[in-house]
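Below is one structure, written out as C-alpha cells, with a few remarks after it.
What follows draws every value from the coordinates through simple rules; no lab data is involved. Because the structure is predicted, anything quoted here is derived from the model rather than measured. Cβ: placed from backbone, ideal geometry, glycine included. Neighbour counts: every protein chain shown.
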Amino acid sequence: MDLFEKLQSNKGPLGQHAHIAHGYFAFPKLEGEIKPRMRFRGKEVLTWSLNNYLGLANHPDIRRVDTEATAQWGLAYPMGARMMSGNSNIIEQFEAQLSEFVGKEDTMVLNYGYQGIMSVIDALLDRKDVVVYDSECHACIIDGLRMSLAKRFVFPHNDIANCEKQLERATKWAEKTGGSILVITEGVFGMLGDQGNLKDIVALKEKFQFRLLVDDAHGFGTMGEKGIGTGEAQGVQAEIDLYFSTFAKSMASVGAFISGEERAISYLRYNTRSQIYAKTLPMPIVVGNMKRLEMLRTMPELKDQLWTVVNALQNGLKERGFNIGKTESPVTPVFLSGGNNEAANLIIDLRENYNIFCSVVIYPVVPKDVIMLRLIPTASHTLDDVKTTIEAFEQISDKLKSGFYANAEINVSL
C-alpha cells in the first residue's frame, strides 16, 4: 500500500474528526492581544484556555524587555547548537539564576519542554535500568519512555501502595541487571489539576534506592510560598533529584529547564540528543525569560492575584454544585454528564451565545458520557470574569440536564 493511502485510510483517533473539527473544536484561532478577552471567529470571547498563569504574556515590562532584546540581538544569535557554537555567558547566567531559585546545584536550559524531557529520559536510562512512573504522566514523558530501552513499571495514578509494589519489582530487576531505578511523576497533573503525591514517594527512599524526576510544568511559579513549585508546597523540594519545568506556563514563553546535582546535569549536557543536535534558544527569548524569572521571584502579588481568581472560580463552582474533581492547583476541570454530540452542541452554545471560550475534553480521553470543561485561570482575569463564567455555566448545565443539547441543532458554520 502507498504510504499516503495508508494515512488516508487511518487518520488516527483525533484526525478522523478533522473534517468537522478543524478550526473550531481543534486548531481554533484566538486572535488579538493576549488577555482574558480575545477574538474568536470575529467576535470577542472571555477566554479560559491560555497558559499565562501570572499574566506575564502582555505585561508592559515584559514587552519592553522582549522588544529591546530583539532589537539588540536579533533572532539569529547565538548560532548553532550550544555544544558546537551556540553557548553564551548570558545563558549560563540564566541557568545559575534558575538553580538558585529552585534550590539545586546546577541547571540546563532546554530548547523546548516536550522534546527536552523526552531526550532527558532517553539520556538517563539504558537497557539495564528500570523506571517506575505514574499512569497519568504527560504524553511527553510517555513518549520518552517509549524511546527508552529501560524496563518499565507503571503504578495507578497517585497510588502509593502500588508504587511501593512496583518499586519492589524494580529492585529485583535492577539487582538482576546491575541497573538503576528512576521514579517519574508530576508536581501538578495538567489535565485534572491534582498534585502528585511527592511527599509519600520521597518517603519510600527510606526503603528503596531510586532517583526521583518530577515534571512540574504547571507547578513552577504557581505553587508554594515563593512559587518555587509543588516540591516547595509539599516541603520536599530538596529531595527531588531532577526537577523539570517549562517556561510555557507561568512564564508564558518558550523553552524549559532541568535542575539537579551538578554531576547529573553535567552528564545531561553532553548526552541529551535533542539539545546537542538542535539550535540553541535565540538570545531575545533567553533575555526575556530572565526578566520573567525576575518578576516571578520579586513580585509575589502576581501569584497572589492568580490565587484570588482561582479560589473565587473554584469555590464559586463548588458552591453551585459543580464537580471540579480533586484539583489542588489553578487547573480547573468541570465535569458534566453527556455524550460527545451533546458536548459539541454545548461548546458551540457556550462560544456563540455566551461568548465564553474554554477547552473541552471528551471520550476517549475521559470515560464515555463524561464532558470535561477545562479552565485555566490567570492573574489577568477579574472577579467579574469569574461571575460571568459561573452564571453561564449554571445556564448551560440546566440546558444539558433538560436534554436540550441532545436534540438541539445549533447553527454555526464550521
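Could you tell me what percent of the DSSP beta bridges with both partners in the chain are antiparallel, to the nearest 5?
Rounded to the nearest five, the antiparallel share is 55 percent.
Other residues within the sphere of radius under 12 Å centred on the Cβ of Ala123, judged by their own Cβ, net out at -1 (K and R +1, D and E -1). Got the relative contact order for the chain handy, in percent, Cα pairs under 8 Å and 6 or more residues apart? For the chain, the relative contact order is 20 percent.
Each 5 Å bin from zero up to the one holding the largest Cα-Cα distance in segment 278-386 carries the following percent of pairs: 2, 10, 15, 17, 16, 12, 10, 9, 7, 1, 0.
Summed over all non-identical Cα pairs, the Kirkwood treatment of the chain gives a radius of 22.9 Å. Between Asp194 and Phe189, Glu328, the built amide H atoms are under 5 Å apart, and every one of these is 5 or more places off in sequence or on another chain. Beyond 25 Å, what percent of the Cα pairs of segment 156-291 remain? That tail contains 34 percent of the Cα-Cα pairs. Taking Rh as the Kirkwood radius, which is the inverse of the mean 1/r over Cα pairs, what is the Rg/Rh value for segment 60-298? Rounded to two decimals, Rg/Rh equals 0.98. Relative intensity of segment 289-348 on a log10 scale, I(q)/I(0) at q = 0.23 Å⁻¹, equals -0.94, per a Debye sum over C-alpha point scatterers of equal strength in the absence of solvent.
Of all the C-alpha pairs in segment 1-87, what % are more than 21 Å from each other? The answer is 62 percent, as a whole percent. Coupling constants for segment 51-67 follow from the phi torsions by the Karplus curve (6.51 cos²θ - 1.76 cosθ + 1.60, θ = phi - 60°), and in residue order they are 7, 9, 3, 8, x, 7, 3, 10, 4, x, 5, 5, 4, 5, 5, 4, 5 Hz; glycine and proline get x.
Short-range pairs are left out: with C-alpha atoms under 8 Å and at least six residues apart, the relative contact order of segment 60-298 is 28 percent. Close amide-amide hydrogen proximity is noted between Ile371 and Leu336, Ser337, Gly338, each under 5 Å apart and 5 or more residues distant or on a separate chain (H modeled in the peptide plane; Pro and chain starts excluded). List, in the order given, every pair from Lys11/Lys279; Lys172/Lys207; Lys318/Lys401; Lys43/Lys399; Lys29/Lys401; Lys199/Lys226 whose Cα-Cα distance in the structure shown is over 20 Å. Result: Lys11/Lys279; Lys43/Lys399; Lys29/Lys401 exceed 20 Å. Put a dot 7 Å past the Cα of Glu175, heading toward its Cβ, do the same for Asn271, and the two dots end up 2.5 nm apart. The spread of Cα positions in segment 248-322, taken along each principal axis and listed from longest to shortest, comes to 53, 25, 23 Å.
Considering only GluC sites (Glu not before Pro) in DSSP loops that have at most 10 other Cβ atoms within 10 Å, the longest stretch of the chain without any of them is 34-224. Each label was represented as a point 7 Å from its Cα along the Cα-to-Cβ direction; for Leu75 and Asn87 these points are 2.7 nm apart.
Evaluated at 37 °C with a viscosity of 0.692 mPa s, what Stokes-Einstein diffusion coefficient in µm²/s does segment 98-166 have when Rh comes from the Kirkwood expression over alpha-carbon pairs? The estimated diffusion coefficient comes to 245 µm²/s.
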